[in-house]
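A short worksheet on the structure shown next.
The values are calculated or read from the model by the stated rules, or taken from the named source; none is laboratory data. Note that the structure is a prediction, hence the values are computed from the model and not measured. Cβ placement follows ideal geometry from the backbone for every residue including glycine, while neighbour counts extend to all protein chains displayed.
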Amino acid sequence: MTVRSLVYRVALAALGALLVLFIVGPLLRLLFFGSPESLVEALRDPELRDSIALTVFTASTATLIAALLGVPLAYLLARRNFPGRRLVQGLIELPVVIPHPVAGIALLLFLGRRSEVGGALGQLGLEFVSHVPGIIAAMLFVSAPILVSGAREAFRSVDPQLERVARTLGDSAWDAFRRVTLPLAGRGVLAGSILAWSRSVSEFGSIVILTYNPKVASIYIFDRFTTFGLEAAVPAAVILLLVALTVLVVIRVLQPGERQ
Amino acid sequence: MIRLENLHVRVGNFDLRDITLEVPKGGYALIIGPTGSGKTTLLEAIAGHAQLRAGRVFMHDDEVTHLPPEQRGLGFVYQQYHLFPHLSVRENIGYGLRQPRGNGPRPADRVAELAGMLAIEPLLERRVRGLSGGEQQRVALARALAPKPSILLLDEPFAAVDPATRQVLRRELRELHEREGITTLQVTHDFDEALRLGDLVAVLAEGRIAQSGTPEQVFRYPNSAFVARFVGTGNVIAGTVERIETGDGPGPFRARFTGGSLVLDVVAEREGAIHAVLRPEDIVLSLTHHSGSARNHIEGRVVRLERLGPVTLVHLDVGRPLIASLTTQSVEEMGLKSGIAVIVAFKATAILLV
């Protein structure tokens, strides 16, 4: 190896290491800030336990709805060339670029009592603002694009010829999808769903506008921080961080390919 | 039986047009043509994967033009095999078999039968990843044959295997075809394959059938310079024909063919621009002039010898390149080698004008 290429490699590694440290540093600091006792203590607080339970429930519901509506869409986007495909693809990615409080305000205007949609749904007994459905709506809004794009890529990675082979072997279009494409894309779709779920868990900006109470975990942490100060917020923050790390590990295990 | 009537398929900017073809029940037909001539598109259209713009498809006298692929009852082996990567070899072969109601034959028995026929029993429990090209080929074939289709479509089935395996597979496929009595349509770019396998061959060029017939017919009597070149009939020379016999009746007449520096006596049916096709087997070489029945005698020179076992191709220079095919024995007896001057002779009737 020449000196030049050695210097080049060291420089690349150093730049990358800086960024990695910047991400890992604060997280480690947070993890070791509180004592294990303080975590246990925090978990005794029924309000925290309720907020975690609420977060898991709402995020799971939002993910389920996103999967139900988003997986067929992802399949269409991956496989069919229909008029307006690019437009639909762009629209579905909009929530990723919109600031979350903006999304919250838009949802509030759309689903609030004074809007036609919100009013009509309210008549049916479905209240969004300051109610649990509001949390789910906000989570769905911000996480659906992640699920759709994950599932779309998963479907795209499956050779479309395989479905044709299945068709010549007697499968209907649905059977071919169910027996070939879905099993092959399944891990990718699941990974996308988990990513969407963790996006829902971490959502704050739009939920805070739509439904402050009952509190999901992120709002609970914010509330503790503004009411009681930094130290009171740490244990709950650590717990949420641990949940996120677990999710990351699960996704890594699910995602095939990159391992060598 | 497969019958295609005036098929027209468009894929992107490519058109497959006026495709009319009939493969008799139990027949083995080959579609040959260069890359991009529309071979695969044609198979996809027959299988029901490609939308037809016009034309009709019949299978065993039933029109299937508007049936989805799964109701056409055919097997399709793709060039890249496309085995299902999430299933074992056994599951791949059994994919198209449905559990019978009542006392039908069990799917497991059919899988075992095919595995035996194709000598792949030891592979049955393996995943498809890691199978060799030849093994994948056999599995793909077994999978397509399992539901006992009455029609089998094969897309360049031997393209991805080594030549030795190809020979074995070709023989096995022909045997299978005879045993199962399946009407087979295979796509290839290799005319040699057509000669060995097919009862019927159709040459596809730029989305149209340029010629169809028995392989022997197409090889011996190509109807165009394209077909002659593609199937390797032999020497194809562009030129013009003029009448030298002053007869006025219809039918063939004696004529002179001029192609560059080459002037030949031919029997023609029309005048004007034309291609002369001369098969290498019809050329006689000698070291000295002698009066034979052959009308054309040209002086030439041996450029090089290409030995193909019992046959040797002699590359000649007669003012333009020409290839003659001789037995290796006679090449040795004549002592032919590159640089030697020879007399090149052939009959006027050996020249096919297309």
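Being small (G, A, S), more than 30 Å from B:P149 (Cβ to Cβ), touching a His at 6+ places or on another chain (Cβ under 9 Å) and away from chain B (no Cβ under 14 Å) is not true of A:G192. Assess whether B:L16 counts as being surrounded by 15 or more Cβ atoms within 10 Å (Cβ to Cβ), at pLDDT 90 or above and either assigned to a strand (DSSP E or B) or within 14 Å of chain A (Cβ to nearest Cβ) (or both). Here the answer is yes, as B:L16 does meet what is asked.
Of all residues in segment A:186-222, those being surrounded by fewer than 21 Cβ atoms within 10 Å (Cβ to Cβ) and in contact with an Asp or Glu (Cβ under 9 Å, 6 or more places away or on another chain) number 3. From the list A:R164, A:R152, pick out the single residue that is farther than 26 Å from A:L91 by Cβ and either in the same structural domain as A:F204 (by TED's automatic domain parsing) or surrounded by 24 or more Cβ atoms within 10 Å (Cβ to Cβ) (or both). Exactly one residue qualifies, and that residue is A:R164. Restricting attention to segment A:161-180, the residues that are within 17 Å of B:L83 (Cα to Cα), at the interface with another protein chain (Cβ under 10 Å from one of its Cβ atoms) and in a helix (DSSP H, G or I) add up to 12. With respect to the stated conditions, B:H297 is out of contact with any Gly (no Cβ under 9 Å at 6 or more places or on another chain), in contact (Cβ under 8 Å) with a residue 24 or more places away in the chain and in a strand (DSSP E or B). Summed over segment B:29-67, residues that are assigned to a loop (DSSP other than H, G, I, E, B), within 13 Å of chain A (Cβ to nearest Cβ) and without any contact (Cβ under 8 Å) to a residue 40 or more places away in the chain total 4. Considering (1) touching a strand residue (DSSP E or B) at 6+ places or on another chain (Cβ under 7 Å); (2) surrounded by 12 or more Cβ atoms within 10 Å (Cβ to Cβ); (3) assigned by TED's automatic domain parsing to the domain that holds B:S330; (4) under 30 Å from B:D18 (Cβ atoms), the lone condition that B:R279 does not fulfil carries the number (1). Quickly run through segment A:150-160 and pick out the residues that are among the hydrophobic types (A, V, I, L, M, F, W, C) and either within 7 Å of chain B (Cβ to nearest Cβ) or in a loop (DSSP other than H, G, I, E, B) (or both). Correct list: A:V158 only. Pairing each residue of segment B:208-221 that is more than 12 Å from B:L30 (Cα to Cα) with any residue that is of a type in the set (D, E, K, R), provided the two are 6+ apart or on different chains, yields C-beta distances under 7 Å for B:R208/B:R17; B:R208/B:D18. Taking the criterion of being farther than 20 Å from B:L87 by Cβ and touching a His at 6+ places or on another chain (Cβ under 9 Å), the residues of segment B:128-171 that qualify are B:S150, B:I151, B:L152, B:E156, B:A159.
Can you spot a residue in segment A:103-116 that is within 18 Å of A:S149 (Cβ to Cβ) and not charged (D, E, K, R)? Yes, because at least one residue in segment A:103-116 is within 18 Å of A:S149 (Cβ to Cβ) and not charged (D, E, K, R). Screening the candidates A:L241, A:L184 for the property of being part of a helix (DSSP H, G or I) and either hydroxyl-bearing (S, T, Y) or under 24 Å from A:S35 (Cβ atoms) (or both) yields one hit, A:L241. All conditions but one from (1) modelled with pLDDT under 90; (2) among the basic types (K, R); (3) part of a strand (DSSP E or B) apply to B:R304; the one that does not is (1). Against the list (1) within 22 Å of B:Y221 (Cα to Cα); (2) within 32 Å of the chain's Cα centre (by Cα); (3) surrounded by 15 or more Cβ atoms within 10 Å (Cβ to Cβ), the condition B:E271 fails is (3). The residue that is surrounded by the fewest Cβ atoms within 10 Å (Cβ to Cβ), counting only those in segment B:325-354 that are in a strand (DSSP E or B) and over 29 Å from the mean Cα position of the chain (by Cα), is B:A341. Restricting attention to segment B:197-226, the residues that are modelled with pLDDT of 90 or more, surrounded by 23 or more Cβ atoms within 10 Å (Cβ to Cβ) and either closer than 17 Å to B:I2 by Cβ or not assigned by TED's automatic domain parsing to the domain that holds B:T20 (or both) total 3.
A:P145 satisfies every condition listed in (1) more than 11 Å from chain B (Cβ to nearest Cβ); (2) closer than 20 Å to B:P85 by Cβ; (3) surrounded by fewer than 22 Cβ atoms within 10 Å (Cβ to Cβ) except (2). Restricting to segment A:38-58, name every residue that is over 14 Å from A:I239 (Cβ atoms) and loosely packed, with under 12 Cβ neighbours inside 10 Å. Result: A:P46, single match. Could you list all residues from segment B:68-84 that are assigned to a loop (DSSP other than H, G, I, E, B), at pLDDT below 95 and either on the phi > 0 side of the Ramachandran plot or at the interface with chain A (Cβ under 8 Å from one of its Cβ atoms) (or both)? Once the filter is applied, which keeps residues that are assigned to a loop (DSSP other than H, G, I, E, B), at pLDDT below 95 and either on the phi > 0 side of the Ramachandran plot or at the interface with chain A (Cβ under 8 Å from one of its Cβ atoms) (or both), segment B:68-84 yields B:P68, B:R72, B:G73, B:Y78, B:Q80, B:Y81, B:H82. The set of residues in segment B:127-144 being surrounded by fewer than 23 Cβ atoms within 10 Å (Cβ to Cβ) and either of a type in the set (F, W, Y) or in contact with a strand residue (DSSP E or B) (Cβ under 8 Å, 6 or more places away or on another chain) (or both) consists of B:R127, B:V128.
From B:L97, B:L87, grab the single residue that is surrounded by 15 or more Cβ atoms within 10 Å (Cβ to Cβ), in contact with a helix residue (DSSP H, G or I) (Cβ under 8 Å, 6 or more places away or on another chain), touching a residue at least 12 places away in the same chain (Cβ under 8 Å) and assigned by TED's automatic domain parsing to the domain that holds B:L154. Of B:L97, B:L87, the one residue that is surrounded by 15 or more Cβ atoms within 10 Å (Cβ to Cβ), in contact with a helix residue (DSSP H, G or I) (Cβ under 8 Å, 6 or more places away or on another chain), touching a residue at least 12 places away in the same chain (Cβ under 8 Å) and assigned by TED's automatic domain parsing to the domain that holds B:L154 is B:L97. Being away from every other protein chain (no Cβ under 14 Å) and either part of a helix (DSSP H, G or I) or of a type in the set (S, T, N, Q) (or both) is a property that A:F204 lacks. Residues that are exposed (fewer than 10 other Cβ atoms within 10 Å of the Cβ) and either among the charged types (D, E, K, R) or in the same structural domain as A:A232 (by TED's automatic domain parsing) (or both) within segment A:1-31 comprise A:R4, A:R29, listed in sequence order.
Please verify whether B:L322 is among the aliphatic types (A, V, I, L, M) and in contact (Cβ under 8 Å) with a residue 60 or more places away in the chain, treating the condition exactly as stated. Here the answer is yes, as B:L322 does meet what is asked.
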